[in-house]
Amino acid sequence: MTIEVIKNISVLFREEAQLPVPLLDYLELNDLRINELLEDENRNGEFIIEFELEQDTITLSYEMHELEETSQVEYIVYFICKWKWIWEWYSERFLEHDITFNVYPTIIDYARARIRPLELMEEKILELEGYTKEDLLFYYGSGPFDDFEKADQNLNQILEFDEVNNKKNMREQGLYFDEEMERWIHIPNSLDIIENTIQQLSKVR
């Protein structure tokens, strides 16, 4: 079994017959977010994802309106969510704000630790403090609010129809078989590249 490490990920967009350009450049040039690009039914093109591995380079391409078979979401959304959820589950941190997972006894504790930027957090705390105990229970449940459990639920969506991967193998051996690339990926040694790529793409979702 050959185990690969992801050394670089490039995400490009090619609009119809034009040359491919980095997706982030395309979005900035056209003043678009990813969801706005996907919702534009008059625009056609394809996403090109290039994985540079230690021993190989894999290029995948998907029509922009093509849906991933099991999740029925556009491939670029599936790609972002898949690698974000794998990264977060394995790292036990939130990718976008680098906040370590925790378990919070109340929704106010949860909001104080999780919501960023700080101005938004303070605004949300004031709103929550205006609720009665009954309202908090009705709208948010009794708690505790468990980041680890939520990460498990997210990963379950990725592994739901997966007959190769399992959490034990991913956690103990750090291995994930990527069906699209048809390669075993060593998660720990690929984390930095995954983080850098998905963090940038998450900002324009």
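Of all the residues in segment 143-179, those that are hydrophobic (A, V, I, L, M, F, W, C), under 10 Å from W85 (Cβ atoms) and open to solvent by 80 Å² or more (accessible area, probe 1.4 Å) number 0.
Taking first residues from segment 166-185 that are at negative phi and partners that are among the polar types (S, T, N, Q) and assigned to a loop (DSSP other than H, G, I, E, B), the Cβ contacts under 6 Å between residues at least 6 apart in sequence or on separate chains come to Y176/N165; F177/N165. Among all residues of segment 110-120, there is at least one that is more than 18 Å from the chain's Cα centre (by Cα), assigned to a helix (DSSP H, G or I) and surrounded by fewer than 11 Cβ atoms within 10 Å (Cβ to Cβ). Residues in segment 65-80 that are touching a residue at least 24 places away in the same chain (Cβ under 8 Å) and under 18 Å from the mean Cα position of the chain (by Cα): T70, S71, E74, Y75, I76, V77, F79, I80.
N165 satisfies every condition listed in (1) at pLDDT 95 or above; (2) more than 21 Å from the chain's Cα centre (by Cα) except (2).
The values are calculated or read from the model by the stated rules, or taken from the named source; none is laboratory data. Not measured: the values here are computed from a predicted model. Every residue, glycine as well, gets a Cβ built from its backbone with ideal geometry; the counts of neighbours run over all protein chains shown. To get the accessible areas, we keep the full protein, side chains included, count just its heavy atoms, and leave off ligands, DNA and RNA. Shrake-Rupley method; radii C 1.70, N 1.55, O 1.52, S 1.80 Å.
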